[in-house]
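The next block holds one structure in the form of structure tokens; read it before the comments.
The values are calculated or read from the model by the stated rules, or taken from the named source; none is laboratory data. Treat the numbers as computed from the prediction; the structure is a model and nothing was measured. Here the Cβ is made from the backbone with ideal geometry for all residues, glycine too, and neighbour counts use every protein chain on show. SASA here: full protein model, heavy atoms, side chains in, ligands and nucleic acids out. Shrake-Rupley method; radii C 1.70, N 1.55, O 1.52, S 1.80 Å.
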Amino acid sequence: DRDEVILRAGVGWREGYIGRRFERGRDSQVGYTLLGGEPVIAEDQANDPRFKRSALADDHGAVSALTVMIESPDEPFGVLEALSTRRRSFSPSDVGFVQAVAELALGFMVDLSRGISRATADYQAGRKVEARMGRQLAGGTIGIIGYGSIGRYLAEVAKVLRMEVLVSDPFATVN
């Protein structure tokens, strides 16, 4: 249903929230993000005049929020939301950097799974290019070393692809 979203993955959510459906409503930050197609930053979500605070944010004591649409060719694939229980600002540079690095990593994964760079190098060197099917990322497994903002974003994107996510970071707590 287009008026609902499913919380597919996350870090810091209370038990029982992952997998639940939530109304997104056009007046929510998630709905606002989907309608606008641009990242949305709310330093004080409860008092932001653009939308109403979500029950999910209320339940977790979130104060600040950043939402980014996950695009696909035909329609939005979903929304990535980062919430903070302390008031904080997310700069456009923060948003862009995290998205760019995570998407580049995802691009490398597609390249490696499909052998794109190898086939390009073979073609440019005049060697015969082997026809390969490659491997799908969806349903596969990804190992992420380091679980800072980029690792977390990449994990979220991978989980949307229903990948099993394995994380190694001695300095982070991973749910």
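Membrane-span-like helices in the chain: DSSP H runs reaching 15 Å or more (Cα, own axis), mean Kyte hydropathy at least 0.0? Please report the intermediate quantities before stating the final value.
Numbers: long enough: 92-114 (32 Å, 0.81); 149-160 (17 Å, 0.49).
Those that pass (Cα extent of 15 Å or more, hydropathy at least 0.0) are 92-114, 149-160.
Please pull out the direction-averaged projected area of the chain, using the convex hull of its alpha-carbon atoms, in nm² to one decimal place.
Numbers: hull surface 48.4 nm².
For the Cα atoms of the chain, the hull's average projected area reads 12.1 nm².
For the chain, what is the accessible area per residue in Å², given a 1.4 Å probe and the full set of protein chains?
On the way: 11170 Å² over 175 residues.
Roughly 64 Å² per residue, with all protein chains present.
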* To do: Would you calculate the separation in nanometres between label points at ARG127 and THR141, each defined as 7 Å from the Cα along the Cα-to-beta-carbon direction?
  => 2.9 nm
* Let me know the charge dipole size of the chain about its Cα centre in debye, to the nearest 20, where only the beta-carbon of Lys, Arg (+1) and Asp, Glu (-1) is charged. => 440 debye
